Amino acid sequence: MEEPDWSFFRESLLKWYRADRRPMPWKAIDNPYHIWLSEIILQQTRVAQGLPYFERFVAAFPTVNELAAAEDDVVMKLWEGLGYYSRARNLLKAARMVAFEFGGEFPDTYAGLLKLPGVGPYTAAAIASFAFDRQVAVLDGNVFRILSRYTNDSTPIDTGKGKKHYQMLVDDALGDTSAKRFNQAIMDFGALVCTPKKALCESCPMAARCAAYRVATVYERPLKEKKLKRRNRHFHYLVISDDKERTIIEQRLDKDIWQNLYQFPLLETNSSDVETSSLATHQDWPEFLPAGELTFVKRSRPFKQQLTHQTIMATFHQFQWKAMPKKVSAAQVVKNKLLVNFAFPRLINKFFADKSLLLDLF
DNA sequence: AACTCGGGGGG
DNA sequence: CCCCCAGAGTT
């Protein structure tokens, strides 16, 4: 096997690249706060999906010091709907670290950045190069795909060995050109030309020396060795309102999906085929809820939410409780109009959006 | 090393 | 239905 021609790769890439191919608001200005924020938002997230969130965060918190002073729930609400909520929790931790321990200044080295919560190898390299012009190459999904194709490499990318291997390759590919420019270029190239499914090989400037293109294995690269496992879960939410237009919600604090978000009191069962009347005998039925005082109102259709590692089927059981106390255990009794201030999973917001189900409780 | 953490877009 | 997306943290 012949040695990959990295100088050809590099020169073709940089010749192809222009900053305006994918305009992004944080590209133009070397503001470490903006660059850090954008990189956290874009982890496992498409630019089109993350962009509005970036704009809203910058508008709400123009500086890292202002973000650091924010309340947790406010940040979670801004993050609502974007997924991977540990990013929002770590975002706030890191902001407070920068603001209160580093005097509002981000670390300006790869190793220093790596110590921030939520900043791993990719993000540290991205910030170090984009904000501080450090000579480090990024290794993200685009880079795995491009390099495994260019070298027709069958090394799986989802192992420790694979990650080290491709880090070596991208370091070779980078050479001594500006990492700041190279990193932008290679990720734009992956998003616009060397895409996962319909790559533009016919107009690719590197096709002449792309090993996978030569032997028609482009769509077999990169290789993964692990298979995805999914589990099914069945949620039954208790939507309990009173005649003063208040509803009971609680915060998810367990180590599970949607940590720190809010929800209605939840019962989980082994199937969706459960009578509403049988829920009162569920072992997790809240102690503060006197089943006898609840008037059943309506049961929703099943709502399906497909996540990466689980498929969730949810049913919403609406009840009326006449003599609802002001506080119920650790849960909260909230005016319906104020529910918009709390961050909910998409699944629950879909229920809110389906007004035909609400039957003038909301 | 294996597992878990969301949600949306495209084929 | 599947896979992938400017990955990271925990076990």
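The values are calculated or read from the model by the stated rules, or taken from the named source; none is laboratory data. Remember, predicted model here, so these are calculated numbers, not experimental data. Here Cβ is always computed from backbone atoms with ideal geometry, including for glycine, and neighbour counts include all displayed protein chains. Note: areas computed on protein heavy atoms with side chains; ligands, DNA, RNA excluded. Shrake-Rupley method; radii C 1.70, N 1.55, O 1.52, S 1.80 Å.
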Identify all residues within segment A:310-334 that are over 15 Å from residue A:238 (Cα atoms) and modelled with pLDDT of 95 or more; write none if there are none.
A:310, A:311, A:312
For residue A:308, the lone unmet condition from (1) in a loop (DSSP other than H, G, I, E, B); (2) away from DNA strand C (no atom under 14 Å from the Cβ) is (2)
For residues that are under 19 Å from residue A:87 (Cβ atoms) and away from DNA strand B (no atom under 16 Å from the Cβ), tally how many sit in segment A:129-158.
3
Residues of segment A:272-288 being part of a loop (DSSP other than H, G, I, E, B), over 34 Å from the mean Cα position of the chain (by Cα) and at pLDDT 95 or above, in sequence order, are A:275
Specify the residue that is farthest from the chain's Cα centre (by Cα); the eligible residues are those in segment A:105-136 that are within 23 Å of residue A:206 (Cβ to Cβ) and open to solvent by 10 Å² or more (accessible area, probe 1.4 Å).
A:135
So the check is Cβ under 6 Å with 6+ separation or different chains; which pairs have a first residue in segment A:73-87 that's more than 15 Å from residue A:38 (Cα to Cα) and a second one that's within 11 Å of DNA strand B (Cβ to nearest atom) and open to solvent by 20 Å² or more (accessible area, probe 1.4 Å)?
A:76/A:260; A:81/A:346
Which of the residues spanning segment A:197-254 are acidic (Asp, Glu), in contact with a strand residue (DSSP E or B) (Cβ under 6 Å, 6 or more places away or on another chain) and farther than 23 Å from residue A:290 by Cα?
none
Would you say residue A:335 is open to solvent by 70 Å² or more (accessible area, probe 1.4 Å), free of Cβ contacts under 8 Å to residues at least 60 places away in the same chain and on the phi < 0 side of the Ramachandran plot?
no
Inside segment A:198-224, can you point out the residues that are open to solvent by 80 Å² or more (accessible area, probe 1.4 Å), farther than 19 Å from residue A:158 by Cβ and not hydrophobic (A, V, I, L, M, F, W, C)?
A:198, A:202, A:203, A:209, A:213, A:214
Residue count for segment A:200-228, restricted to those that are of a type in the set (Phe, Trp, Tyr) and closer than 16 Å to residue A:9 by Cα:
1
Does residue A:141 qualify as being in contact with a helix residue (DSSP H, G or I) (Cβ under 7 Å, 6 or more places away or on another chain) and open to solvent by 20 Å² or more (accessible area, probe 1.4 Å)?
no
Pairs please, first residue from segment A:289-305 and closer than 19 Å to residue A:326 by Cα, second anywhere and of a type outside the set (A, V, I, L, M, F, W, C), Cβ atoms under 6 Å, 6+ apart in sequence or on different chains.
A:295/A:320
Within segment A:117-132, how many residues turn out to be assigned to a loop (DSSP other than H, G, I, E, B) and either free of Cβ contacts under 8 Å to residues at least 60 places away in the same chain or outside the structural domain of residue A:27 (by TED's automatic domain parsing) (or both)?
2
Does residue A:139 fit the bill of being more than 12 Å from DNA strand C (Cβ to nearest atom) and not acidic (Asp, Glu)?
no
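Keeping to segment A:244-261, report how many residues are charged (D, E, K, R), open to solvent by less than 100 Å² (accessible area, probe 1.4 Å) and part of a loop (DSSP other than H, G, I, E, B).
Within segment A:244-261, the first condition is being charged (D, E, K, R), and the residues that meet it are A:244-246, A:250, A:252, A:254-256.
Filter once more, keeping what is open to solvent by less than 100 Å² (accessible area, probe 1.4 Å): A:246, A:250, A:252, A:256.
Remaining after also requiring part of a loop (DSSP other than H, G, I, E, B): A:252, A:256.
Residues flagged as charged (D, E, K, R), open to solvent by less than 100 Å² (accessible area, probe 1.4 Å) and part of a loop (DSSP other than H, G, I, E, B) within segment A:244-261 amount to 2.
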What is the number of the single condition among (1) among the hydroxyl-bearing types (Ser, Thr, Tyr); (2) within 16 Å of DNA strand B (Cβ to nearest atom); (3) buried (at least 19 other Cβ atoms within 10 Å of the Cβ) that residue A:195 does not meet?
(3)
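List the helices (runs of 4 or more DSSP H) that sit entirely inside segment A:147-238 and contain at least 3 residues that are assigned by TED's automatic domain parsing to the domain that holds residue A:316 and within 23 Å of the chain's Cα centre (by Cα).
none
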